[in-house]
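What follows is a short report on a single structure.
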Amino acid sequence: WLEGVRRLYIVPHGILHYLPFAALPRTSERGVRFLAEEYVLANLPAATALVHGKGAAEPRQNLLALAPARARLLYAESEARGISQFFPRQPMVLVGAQATESSFKKHAPDFGVIHLASHGFLNKLNPLFSGVELEADRNEDGRLQVFEILRMRLHANLVTLSACDTALGSGYFADVPAGEDFVGLTRAFLFAGTPSVLASLWEVNDQSTAELMQGFYRHLAQTDKATALAMAQREMLRRGGRFAHPSFWAPFVLVGSMK
């Protein structure tokens, strides 16, 4: 069935939401290789997500990147500033105290690519209250939650959640599994209008994540989103060292359209 196929859309169900398909081993004529080495992968909440958002206006090719201080990630600020080099058309990079929830809500609808370098948090009892940490101000508490994202209308072609546990709708192996009916951050951003969300399956190392994101956005300037992710993951694998282990590159999954 996979003969001649190089792109795979995966619609996980139940416990399979926790599985990093990119790290699955596959035996080929070249020996045992990871699925990410053989295929370009993307996840879907449902096959109908492929047609969501068709007919929308062409998004601007500009970047909004936020890295709040409250996340206490050593490499988050340099990550946000570093990827801005791949977006010469006046990127907006908000770091530290500037990366407020109010700023996100004000500016996000005007950008083509949104990148959040922060921590995600999960509420397994009520996933509508899961979200991403940003900075608080006089108007907002700094917790960008699912129910708030669902109220937004975005024009971004890509939202990257460079944070921990952002692809899931509930906690690890919780009593209520992360299934299709579970509302999570990825589904919220898809509903808000973006066709693709890059997110993580587990707690990620912020140094290796910064390295992966550099590779991803460098390749994104030349190819589609799914291929850019695959190329960045393969580079980390081939480079060797401790970041070659799947625990560093496999947690990131593209949800939604590959293009």
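The values are calculated or read from the model by the stated rules, or taken from the named source; none is laboratory data. This structure is a prediction, so every number in the text was calculated from the model and none was measured. Here the Cβ is made from the backbone with ideal geometry for all residues, glycine too, and neighbour counts use every protein chain on show. We work out accessible area using only protein heavy atoms, side chains counted, and drop any ligands, DNA or RNA first. Shrake-Rupley method; radii C 1.70, N 1.55, O 1.52, S 1.80 Å.
Residues are listed down the side, and each one gets a yes or a no for (1) in contact with a Phe, Trp or Tyr (Cβ under 9 Å, 6 or more places away or on another chain); (2) surrounded by fewer than 20 Cβ atoms within 10 Å (Cβ to Cβ); (3) at pLDDT below 95:
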site: His155; (1), (2), (3): yes, yes, yes
site: Thr209; (1), (2), (3): yes, no, yes
site: Tyr217; (1), (2), (3): yes, no, no
site: Leu229; (1), (2), (3): yes, no, no
site: Pro251; (1), (2), (3): yes, no, yes
site: Ser257; (1), (2), (3): no, no, yes
TODO: Please work out if Ala210 is more than 24 Å from Arg81 (Cβ to Cβ) and in contact (Cβ under 8 Å) with a residue 40 or more places away in the chain.
DONE: no
Open item on the list: If Glu135 satisfies all but one of (1) of a type in the set (Asp, Glu); (2) open to solvent by 20 Å² or more (accessible area, probe 1.4 Å); (3) within 17 Å of the chain's Cα centre (by Cα), what's the number of the condition it fails?
Closed with: (3)
Open item on the list: Looking only at segment 63-85, how many residues end up being under 21 Å from Tyr217 (Cα atoms) and open to solvent by less than 50 Å² (accessible area, probe 1.4 Å)?
Closed with: 13
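Tell me whether segment 196-204 contains one or more residues that are of a type in the set (S, T, N, Q) and open to solvent by 30 Å² or more (accessible area, probe 1.4 Å). Give the steps one after another, and end with the answer.
Quick first cut of segment 196-204, residues of a type in the set (S, T, N, Q) only: 196, 200.
This time we only want the ones that are open to solvent by 30 Å² or more (accessible area, probe 1.4 Å), so: none.
Looking for residues that are of a type in the set (S, T, N, Q) and open to solvent by 30 Å² or more (accessible area, probe 1.4 Å), one finds none in segment 196-204, hence no.
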Open item on the list: Is it the case, given these coordinates, that Leu168 is over 18 Å from Thr48 (Cα atoms), at pLDDT below 90 and outside any strand (DSSP E or B)?
Closed with: yes
Open item on the list: Exactly one condition in (1) outside any strand (DSSP E or B); (2) closer than 25 Å to Gln145 by Cα; (3) open to solvent by 20 Å² or more (accessible area, probe 1.4 Å) is false for Leu94; which is it?
Closed with: (1)
- [ ] Please work out if Leu44 is more than 29 Å from Asn139 (Cα to Cα) and free of Cβ contacts under 8 Å to residues at least 60 places away in the same chain.
- [x] no
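Right, Ala23: open to solvent by less than 70 Å² (accessible area, probe 1.4 Å), under 17 Å from Ala250 (Cα atoms) and not β-branched (Val, Ile, Thr) or not?
So Ala23 fits the description; yes.
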